[in-house]
Amino acid sequence: MSKKIEELGNQYNNYIYPKPCEDINTEWILKNKFLQGDPNYHWHKLWPERPYSREKMNILVAGCGANQAAILAKCNPVHNFIGIDISLASINHHKKLKKKFDIDNLELICDDFRNQTFRFNFDYIISTGVIHHLEDPNSALSFFNNLLKDQGVLYLMVYGNQESSSIQSLKEIFKKFELSQNKESINNIRNLINKLDKNHPSKIFINQFADFNYDSGVVDLFLNVQEKFYSLKELTNDLKDNNFVIKNFMDGKVAAVSKYFINNTDLHKKFKKLAIEEQLNIAQILNWKDRKIEVICTKTHNKKYSRYYSNIDFEKIYVYQFESIDYIFLKDSIEIKNTKDGSIFKLNFDNKKLDWKKILSGKYELKNLMHELSKIEKENFLKLIEFFIENYLLDYSFHRIEDCKKFYNSAK
């Protein structure tokens, strides 16, 4: 084990992260909450090219932290999970959850996951907030490529280099003050930051996250022993070097971009002529909210299933409501509200011949809902659908959307 990995293990032993869940039933099951990347709830986002299936999968959670593998396994008893973490404290907390909530579909390993060998490959690999703490993140991507089935999916979360830049100068100050991972340093950081002007970029950044409210979060934010911050151009290149391409993003925080060119056709055409990697990099810069870049990846030979490296036939898709989005359809306009941040998007559109209830149900191919539209109306409708999908205002699949919620926490 390298010195950096040993230091990282000690950090998460002393400051277990994220904040431990003590009761999966009350904190998750009874509230019908789900983790990002949940293989049941997010099936159509992970595998839009495949019909929904309840077939048992082998799932690896590489760097499972304090709770992630246990919560996923409890909410998805039909699948087999392996959770690996270098922190013994995190693995021990998982063991406590496993025993307390009778989670029998979860195996736990305390180690650097790159040291492990398995007698089988995985259908799905989850690694969130992990590889950017490694000295060589590409070693993890290579490991995932070797372990993932040909049609498998990798869900990856890394830190972006835009929004996090607002706290980098503070972190340099804390290094000069020789602050370390102890209570006194944590208190010094809190006291200093609490005195900052409310409009200080670092204050604005911190107020968006709960991490500042507990010691382990402060350590993870400001005193981490090893971390890397990605541009999307760099991430796409690293993925390419390890036989991966981006298939989709979990949400539109980083990748939604055509909304910026809605009234500028010429600029949008110039943008579209750029390589995909450049387009994504521009999207990241314009959106800024990239603390967490959450990507769904597939092996390069599956590029045809990527929304970025292939052309979607919009007539042959099923669309459904994007999580945290509310829609109001009037005769001549559409209002879209993001329930997370309260933002509202409005546009004029003639809805008189459209049945949006059917459209959003995910039960009908779009081509079967356009019979009453003229040729120009069809073109405008499909352009609208494309705009919604590009900006993560609609989700889509090439198969009928199943109500996955009914299988939540179900082994049947």
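Below, the figures for the structure above:
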{"read-out": "Among the candidates Asp136, Asp111, residue that is open to solvent by 30 Å² or more (accessible area, probe 1.4 Å), closer than 29 Å to Phe205 by Cβ and without any contact (Cβ under 8 Å) to a residue 40 or more places away in the chain", "value": "Asp136"}
{"read-out": "Within region 83-99, tally of residues that are in contact (Cβ under 8 Å) with a residue 12 or more places away in the chain and open to solvent by 10 Å² or more (accessible area, probe 1.4 Å)", "value": "7"}
{"read-out": "Any hit, region 236-248, residues being in contact with a Pro (Cβ under 9 Å, 6 or more places away or on another chain) and open to solvent by 20 Å² or more (accessible area, probe 1.4 Å)", "value": "yes"}
{"read-out": "Single residue of Lys228, Lys183 found to be closer than 22 Å to Val295 by Cα and modelled with pLDDT of 95 or more", "value": "Lys228"}
{"read-out": "Complete set of residues in region 146-158 that are under 24 Å from Gln284 (Cβ atoms) and either basic (Lys, Arg) or open to solvent by 10 Å² or more (accessible area, probe 1.4 Å) (or both)", "value": "Met157"}
{"read-out": "1 or more residues at pLDDT 95 or above: qualifying strands (runs of 3 or more DSSP E) within region 235-334", "value": "244-249, 293-299, 318-321"}
{"read-out": "Selection from region 349-372 of residues that are under 14 Å from Asp313 (Cα atoms) and either open to solvent by less than 70 Å² (accessible area, probe 1.4 Å) or in contact with a Gly (Cβ under 7 Å, 6 or more places away or on another chain) (or both)", "value": "Glu365, Leu366"}
{"read-out": "Criterion: farther than 25 Å from Val254 by Cβ, open to solvent by 80 Å² or more (accessible area, probe 1.4 Å), without any contact (Cβ under 8 Å) to a residue 60 or more places away in the chain and over 23 Å from the mean Cα position of the chain (by Cα) - qualifying residue of Lys375, Lys406, Lys346", "value": "Lys375"}
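The values are calculated or read from the model by the stated rules, or taken from the named source; none is laboratory data. Bear in mind that the values here come from a model prediction, so they are computed numbers and not experimental data. With ideal geometry, Cβ positions are generated from the backbone for all residues, glycine too; neighbour counts draw on all protein chains shown. Surface accessibility is based on the protein's heavy atoms, side chains included, excluding ligands, DNA and RNA. Shrake-Rupley method; radii C 1.70, N 1.55, O 1.52, S 1.80 Å.
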